[in-house]
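Let me begin by presenting the structure, written as structure tokens, before commenting on it.
Each value in this text was obtained by applying a stated rule to the coordinates, not by laboratory testing. Predicted model, so just to flag it, every value in this text is computed and none were measured. Because the Cβ atoms are built from the backbone with ideal geometry, glycine has one as well, and the counts that use them run over all protein chains shown.
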Amino acid sequence: MRITATQIEQWADTRDAQGMLPILIRRLISATTTITALSMPGGDSVSTSGWDGIVQADKGNIWVPDGASFWEMGCSSDIITKARSDFRKRNQQISPQEAAKSCFVFVSPRRWPKKDSWLKEARAENIWSDVYALDANDLEAWLENTPAVALWFGELTGHTGAGIESISHFWERWRNQSQFPLTKETLLAGREEEKTR
């Protein structure tokens, strides 16, 4: 099973993408870095004010900076306008001292042909320690390195391979085969010794 940039971009057009994008990024960060703090509201909490994400990573990677990083993301097809707007707004809401020792990260689930020129423009302002930008191509590569998250995303978007499913998806399907769904308690009734192993 492989998740492609095209599939990610098609998902970006769905109603659920805006709320699920932070959850995808949260899962990717948690699966690939050593973090000490992660705040990234998702689902119906995406409309809350403040940063889309704040991350403290002891050890980053090519997608997540070392140390403190402040994240903004959006599914808009007008990526450059969204990135510039978020960057400008957030530059006014953070102290120069905090920005100088932190990184700014912008994420879009779309392909971004002018990503490098925006990065050059944003870095030239010398406000942040560094500026990162991730697009659908980067998310595809990140998912290639996190099979469990790729499987979760594949199930979310309907792009799983034949015979492939996560344990949680299998459990839900299996427990709901009877008229009354099975619970963990029912399954383990009378098996006290086995539960403790």
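Miscellaneous remarks
- Residues whose amide H lies under 5 Å from that of Gly53, counting only those 5 or more places away or on a different chain, are Trp71; hydrogens are built 1.01 Å from N in the peptide plane.
- Cross-link partners of Lys120 among aspartates and glutamates, defined as those whose alpha carbon lies under 17 angstrom from its own and excluding same-chain residues fewer than eight positions apart: Asp86, Asp130, Asp135.
- Its Cα gyration tensor gives segment 56-128 an equivalent ellipsoid, and the semi-axes of that ellipsoid, as √(5λ) in whole Å with the largest first, are 20, 15, 11.
- Residues Phe70, Phe153, Phe180 in ascending order of nearby Cβ atoms (within 10 Å, fewest first): Phe180, Phe70, Phe153.
- Placed amide H near Arg111: partners under 5 Å, 5+ positions off or other chain: Ala136
- DSSP beta bridges in the chain [antiparallel fraction, %, rounded to 5]: 50 percent
- The chain: most fluctuating residue of Ser95, Ser108, Ser69 per GNM, C-alpha cutoff 10 Å: Ser95
- Using the Cβ of Arg110 as centre and a radius below 13 Å, the other residues enclosed give a net charge of -2, where K and R count +1 and D and E count -1.
- Total formal charge among the other residues, if their Cβ is under 15 angstrom from that of Ile94, Lys/Arg +1 and Asp/Glu -1: -2
- Cβ-defined net charge surrounding Trp51, 11 Å radius [Lys, Arg +1; Asp, Glu -1]: -1
- For the peptides 11-23, 80-92, the ranking by mean Cβ contacts within 10 Å, running from highest to lowest, is 11-23, 80-92.
- The Cα center of segment 34-53 and the Cα center of segment 93-126 differ in position by 18 Å.
- Listed values (i) 18.5; (ii) 17.5; (iii) 20.1, entry calculated as Kirkwood radius over Cα pairs in Å: (i)
- Taking 19 Å as the straight-line reach from the Cα of Lys184, the lysines in range (excluding those fewer than 8 positions away in the same chain) are Lys195.
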